[in-house]
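Enquirer: One structure coming up, written as structure tokens, with questions to follow.
Nothing in this text is a laboratory measurement; each read-out follows from the coordinates by a stated rule. As the structure is a computational prediction, the values presented were derived from the model and not from experiment. Virtual Cβ from ideal backbone geometry, glycine too; neighbours counted across all protein chains shown.
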Amino acid sequence: MELELRHLRVLCTIADSGSVGRAAMALGASQPATSTQLRRIERILGAPLFERTAAGVAPTCFGVEVLGTAREVLARIDGLGRPAGEEAAPARQEVRLVATSTLILPGLLGRTRRQRPDLLLTVNAVQRISEVVELLELEKADVAIAVDYPGLELRHSRAVAHRDIATEPAFVALPAGHRLGRRTEIALADLAEETWLLAPDDGAGWPEVFHRACAAAGFAAVAVREFCGGRLELQDMIAAGLGISIVRASTRPLGEVVVRPLTGMPIRVRHLLVWRTAAVGGEIAEALFGAATAAHRDLVAGVPQVQPWIGGVHGEARP
């Protein structure tokens, strides 16, 4: 099997729909057939393109890169297919968006494409939050989805502004059979002897915020392993009993994994829309912010354990 244009359209439809089932309806196909086609495409490309979320599916980091290329290819092909003499479509304003791995991105992209067809969003995935700020400051990007942590707020020049999309607590992911797995919430101090699987330094304060929280709880985490894989691989490691991890509250547990709140919310994560004011006007920034907040609301709506803990923050633009 070779990759064809129809496969690229399937991938883009899945990303815009946020669900294989909704994508199948839009494509006029069955859900099993669309799922099978997605698995075949992933086998061709050699890595997963989507992962399951509480709201459906979201692109992996690799998937974001593939989708960006797919949209460019399809836009060029659609342009070639225009009959001679046909009036060209109105020019679309390109907005270069960068993001780290975030489940907000698919919903943001889908809503923006529906509500602002005059905007052409191109997406670039990066690994570290510090890269996001650097790309904006160097005028290599126009807007970004990023995170920071209360007490370690994102720093940037006055050429860049940001708004708070939402703040959510960090939870802990445990094997389903863990001794504390039946508790409705868990004190961080009760996990002092555990082996932790932690994401690497993100350039914004992680894992410093984790170690600060441990110190405040009266211990130092000594068994810490850096984990660089994706969310699915992380849950596989946890289910196998190889460690526990700090995860976003909106994380949907899979298989033999449970996700529990930490008593007192000792670690919180703030989602941000960040943009370069010279490139993105107030009207566009407002549209992107609205799409991002709606995407976050949809993301947490299907995760019952989040509801008593989530705190939405709708802030003003900050230089």
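Enquirer: Enter the angle in degrees (range 0 to 90, nearest 10) between the Cα long axis of helix 61-80 and the first principal axis of the Cα atoms of the chain, meaning the one along which they spread out most.
Expert: Between helix and principal axis, roughly 10 degrees.
Enquirer: Here is a follow-up. Arranged by the count of other C-beta atoms within 10 angstrom, fewest first, what order do Asp164, Asp190 take?
Expert: Arranged by neighbour count, lowest to highest, Asp164, Asp190 become Asp190, Asp164.
Enquirer: Let me ask another. How much length is gained on full extension from Arg114 to Glu2, taking 0.36 nm per residue of separation minus their Cα-Cα distance?
Expert: Using 0.36 nm per residue and subtracting the Cα-Cα distance, I get 37.3 nm.
Enquirer: Across 5 Å bins from the origin, how do the percents of Cα pairs in region 168-268 run, short distances first?
Expert: So the P(r) values, bin by bin, are 2, 14, 26, 29, 21, 7, 1.
Enquirer: Taking every DSSP beta bridge that has both residues in the chain, what percent is antiparallel when rounded to the nearest 5?
Expert: 65
Enquirer: Using only Cα atoms, tell me the angle between helix 282-301 and the longest principal axis of the chain; keep it within 0 to 90° and round to the nearest 10.
Expert: The answer is roughly 50 degrees.
Enquirer: Using Cβ contacts closer than 10 Å as the measure, can you line up His156, His296, His271 from fewest to most?
Expert: Ascending number of Cβ neighbours within 10 Å: His156, His296, His271.
Enquirer: Please name which of Ala192, Leu234, Thr251 has its Cα lying farthest along the dipole of region 168-268 towards the positive end, using unit charges on Cβ (Lys, Arg +1; Asp, Glu -1) and the Cα centre as origin.
Expert: Thr251
Enquirer: Separate question: Within region 1-54, report the GluC sites (Glu not before Pro) that DSSP leaves as loop and that have at most 15 other Cβ atoms within 10 Å.
Expert: Here the sparse-neighbourhood loop sites are Glu2, Glu4.
Enquirer: Of the chymotrypsin sites (Phe, Trp or Tyr not before Pro) in region 200-282, which ones lie in a loop per DSSP and count no more than 14 other C-beta atoms within 10 Å?
Expert: Those satisfying the criteria are Phe219.
Enquirer: Of all beta bridges DSSP finds with both residues in region 168-268, what is the antiparallel percent, to the nearest 5?
Expert: 65
Enquirer: Once R0 is set to 41 Å, what does the formula 1/(1 + (r/R0)^6) return for the Cβ-Cβ distance between Ala47 and Arg158, expressed as a FRET efficiency to the nearest 0.05?
Expert: 0.55
Enquirer: For the chain, what does -39500 (n - 2.57) per DSSP helix run (n ≥ 4), summed and divided by total residues, give at 222 nm, in deg cm²/dmol to the nearest 500?
Expert: -11500 deg cm²/dmol
Enquirer: Work out from phi, with θ = phi - 60° and the Karplus expression 6.51 cos²θ - 1.76 cosθ + 1.60, the ³J(HN,Hα) of each residue of region 202-218, listed in order in whole Hz, and give x for Gly and Pro.
Expert: Along region 202-218, the couplings run 9, x, 10, x, 9, x, 4, 5, 5, 5, 5, 5, 4, 4, 5, 7, x Hz.
Enquirer: Tilt of helix 104-115 relative to the longest C-alpha principal axis of the chain, in degrees (0 to 90, nearest 10)?
Expert: Helix 104-115 sits at roughly 30 degrees to that axis.
Enquirer: Roughly what % antiparallel, to the nearest 5, for the DSSP beta bridges in region 68-224?
Expert: Rounded to the nearest five, the antiparallel share is 10 percent.
Enquirer: Please compute the Kirkwood hydrodynamic radius of the chain from all pairs of different C-alpha atoms, in Å with one decimal.
Expert: One over the average 1/r among Cα pairs gives 20.8 Å for the chain.
Enquirer: Between Lys140 and Glu72, what is the FRET efficiency for a Förster distance of 22 Å, r being their Cβ-Cβ separation, to the nearest 0.05?
Expert: 0.85
Enquirer: Here's something else I'd like to know. Looking at region 154-192, which trypsin sites (Lys or Arg not before Pro) are in a loop (DSSP not H, G, I, E or B) and have at most 16 other Cβ atoms within 10 Å?
Expert: Arg155, Arg158, Arg179, Arg182, Arg183
Enquirer: What shape does region 241-302 take by its C-alpha gyration tensor, where a ≥ b ≥ c are the square roots of the eigenvalues and a/c under 1.5 counts as rounded, a/b above b/c as prolate, and the rest as oblate?
Expert: Prolate, since a/c reaches 1.5 and a/b exceeds b/c.
Enquirer: Okay, next question. Can you give the net charge of the other residues whose Cβ lies under 13 Å from the Cβ of Arg297, counting K and R as +1 and D and E as -1?
Expert: Result for the local shell: -1.
Enquirer: Using a 10 angstrom cutoff on alpha carbons, build the Gaussian network for the chain and name the most mobile of Thr293, Thr53, Thr69.
Expert: Thr69
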